[in-house]
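Written below as structure tokens is the structure these notes are about.
No lab work stands behind these numbers, since they all come straight from the coordinates. Remember, predicted model here, so these are calculated numbers, not experimental data. Note that each Cβ is placed from the backbone with ideal geometry, even for glycine, and that neighbours are counted across all protein chains shown.
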Amino acid sequence: METATQKKFPRFVPKDKSLFFSTLQKRVNDHFKEKNISKNANGAMVVKTIILLSAFVIPVLMINLMVLQAWAVLVLFSIMGFALAGIGMSIMHDANHGAYSKKQKVNNWLGYSLNLIGGMVFNWKLQHNVLHHTYTNVHNVDDDIANKLILRFSPHSEPKKVHRFQFIYVFFFYAILTLYWALAKDFIQYFKYRKEGTNRFTKAENTKYFVSMVFLKLLFFTYMIVLPIVVQGYSVSLIIWAFVLMQAIGGLVLGIVFQLAHSVDEAEFPLPNDQNIIENEWAIHQMITTVNFARDNKFISWYVGGLNFQVEHHLFPNICHVHYPQISTIVEQTAKEFNVPYLCAPTFKDAMGSHIRMLKRFGYTFNLDLAKM
């Protein structure tokens, strides 16, 4: 192992032990046994996988193999933007949680779809599977709520004057989310996670990973930008603007959808005590920091890969998202029995309103702090 400054992660130590999660696990397991169905992908998920991957790969092939009108290029890149987000939310997300298939090779290969759209699986698993899923909404641990430049997603981070306007300019940053991811985020995370000790692989393993990361990034920009210009003769400005359009669409969709689960008014942001202990059970911690939205909207549920059922996903990340609508009733009923919150915004509009209210509240904290001085 490489030596590094190890970050001390909090521990979950509840004051009172509850049977909530053990009861819920049994009921969910019984559901799959009684229905005699797998927890992994079904036929509908396979069809969705084919549709989303085709919506990205076919336009890439068309642009690299054909000479099209400018409007057609822009349309194809726009389709790829929506497909990029769909692949990220549905296919790679389930696969990299090991939820898509019982066969790890299948999960690995479908998980690599993140590399296809410009990201890196290795970093994502550390950020998402390890930090976010374990320490949801915990300040200085969950990277998803860490301050980003002039954005404040945690009530425990330092407020600044500029934050008062974040509910307006935040959507610009969502629009450049995947562009930043493709260009810089993976490299920044690579060095950060090595320094902090989150990445505990050997120096040789990390060297191999870094070389593969550089190669895959170059490959992505080659088939997205270089080949259409060099081989098919498209103008540089057309391809660059089309590529930016694709990233803006994908970034907006991903940025908004992922934030609606945790960065909303209803979600809590617990802190560990002086002994670095979170005085709660892990499962109940997930229930108070995670919010569902638009559960009855079938199109949203299909497109966002069950991310509108984030409560179920955080409790059972090893279950394919196509099953979340069915088990959500079990989760909700069990939570009610044990007097555990089950947070849900009825519609997408409600969730967006809650997200904007949170951004405003965290933005105006600076003014409140000045008033107390």
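Using only alpha carbon pairs under 8 Å that are at least six residues apart, calculate the relative contact order of the chain and give it in whole percent. Relative contact order of the chain: 28 percent.
Calculated on the Cα set of the stretch 86-232, radius of gyration then Dmax: 17.0, 51 Å. Phi angles of the stretch 227-234 translate, via the Karplus equation with coefficients 6.51, -1.76, 1.60 and θ = phi - 60°, into HN-Hα couplings of 4, x, 6, 6, 7, 8, x, 5 Hz per residue; Gly and Pro are given as x. Counting every other Cβ atom within 10 Å of each residue's Cβ, ILE91, ILE240 order from fewest to most as ILE240, ILE91. What's the local net charge at HIS31, with K and R +1, D and E -1, over the other residues with C-beta under 13 Å away? Surrounding charge for HIS31 is +2. Grab the other residues whose beta carbon is less than 12 angstrom from that of LEU307, score K and R as +1, D and E as -1, and report the net. Within the 12 Å Cβ shell, the charges total -1. Scanning the chain for long hydrophobic helices, with DSSP H runs required to stretch 20 angstrom or more by C-alpha along their axis and to average at least 0.5 on the Kyte-Doolittle scale, returns 43-65, 70-86, 203-221, 236-259. Under 5 Å from the amide H of ILE278 lie the amide H atoms of ARG11, PHE12, VAL13, ASN273, each residue being 5 or more positions distant or on a separate chain, with H modelled from the backbone and absent for Pro and chain starts.
Annotation: the residues SER237, SER328, sorted from fewest to most other C-beta atoms within 10 Å of their own C-beta, follow the order SER237, SER328.
The local environment of GLY111, defined by Cβ-Cβ distances under 14 Å, has a net charge of +2 under the rule Lys, Arg +1 and Asp, Glu -1. Across every direction, the projection of the convex hull enclosing the Cα atoms of the stretch 1-114 has a mean area of 13.1 nm². With the charge dipole of the stretch 170-235 set up from +1 on Lys and Arg Cβ and -1 on Asp and Glu Cβ about the Cα centre, the Cα lying farthest toward the positive end among the listed residues THR198, PHE172, PHE215 is that of THR198. Which aspartates and glutamates, if any, have their Cα less than 13 Å from the Cα of LYS217, not counting same-chain residues under 8 positions apart? Straight-line reach from LYS217, under 13 Å: ASP186.
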